[in-house]
1. Condition test on residue 94, is it out of contact with any Ser or Thr (no Cβ under 9 Å at 6 or more places or on another chain), under 20 Å from residue 34 (Cα atoms) and not charged (D, E, K, R)?
2. How many residues does the stretch 86-121 contain that are of a type in the set (A, V, I, L, M, F, W, C), closer than 21 Å to residue 169 by Cα and touching a residue at least 40 places away in the same chain (Cβ under 8 Å)?
3. Tell me, please, whether a residue that is at pLDDT 95 or above and on the phi > 0 side of the Ramachandran plot can be found in the stretch 99-116.
4. Of all residues in the stretch 80-119, which are in contact with a Gly (Cβ under 8 Å, 6 or more places away or on another chain), of a type in the set (Val, Ile, Thr) and over 14 Å from residue 135 (Cβ atoms)?
5. Here are the criteria: (1) under 29 Å from residue 14 (Cα atoms); (2) without any contact (Cβ under 8 Å) to a residue 24 or more places away in the chain. Tell me which single one residue 137 does not satisfy.
6. Restricting to the stretch 47-73, give me the number of residues that are out of contact with any helix residue (DSSP H, G or I) (no Cβ under 9 Å at 6 or more places or on another chain) and of a type in the set (Asp, Glu).
7. Find the residue count for the stretch 20-48, including only residues that are in a loop (DSSP other than H, G, I, E, B), without any contact (Cβ under 8 Å) to a residue 24 or more places away in the chain and open to solvent by 60 Å² or more (accessible area, probe 1.4 Å).
8. Please tell me if residue 57 is free of Cβ contacts under 8 Å to residues at least 40 places away in the same chain and surrounded by 17 or more Cβ atoms within 10 Å (Cβ to Cβ).
Amino acid sequence: MAKTLIAFFSRADENYFGGAMRYVKTGNTEIVCNIMKDMIDADTFKIEMKDPYSPVYMTCIEEAKQDLRANARPELVSMPASIDEYDTIVLAYPNYWGTYPMAVATFLDAFDFSGKTILPLCTNEGSGMGHSESDLRKAAAGAEIRSGLSITGSRAAGSEGAVKKWLAANGVL
């Protein structure tokens, strides 16, 4: 039987919402993943940095830019022992400078994704998927990278319809 893993990076604290800053207790990507967990039978893994970015949005994005430029691999709090039992991985993340956060790169480097299907989901405030899908094809060689779902972060709580349609189109629902 096919098994699905929802692996996600999400950031709470001060976030950008359509032109304004707002403090949130749960990050937009995690909100979407929680909606998804109610729809499908899947295990979840939260990708968390051992030394997280600043809770201040403008500082956070500068730290994220530095990590991207350095091609850094931030240390994570934990890592799954294996992903062997999963056929499909929903990989969810915010758009940081046109791609996924470098903590996601740390996760990707840890496993062989050959023969797996990856469904990318990206929260953003208008920048869409960026080049994260092509970056995933390079980082997860041998995996089938399907068309991603872009969710406007400030509308994450109301994304159920889009998520349901995307999961159904990808045979997960």
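1. So residue 94 fails the test.
2. Number of matching residues: 6.
3. yes
4. None - no residue of the stretch 80-119 is in contact with a Gly (Cβ under 8 Å, 6 or more places away or on another chain), of a type in the set (Val, Ile, Thr) and over 14 Å from residue 135 (Cβ atoms), so the list stays empty.
5. Every condition holds for residue 137 apart from (1).
6. Residues in the stretch 47-73 being out of contact with any helix residue (DSSP H, G or I) (no Cβ under 9 Å at 6 or more places or on another chain) and of a type in the set (Asp, Glu): 3 in total.
7. Residues meeting the conditions: 2.
8. No; evaluated as a whole, the condition is false for this residue.
The values are calculated or read from the model by the stated rules, or taken from the named source; none is laboratory data. All values reported here derive from a predicted model rather than from experimental measurement. Please note: Cβ atoms are built from the backbone with ideal geometry, for glycine as well, and neighbour counts cover all protein chains shown. Please note that ligands, DNA and RNA were not included when accessible areas were found on the heavy atoms of the full protein model with its side chains. Shrake-Rupley method; radii C 1.70, N 1.55, O 1.52, S 1.80 Å.
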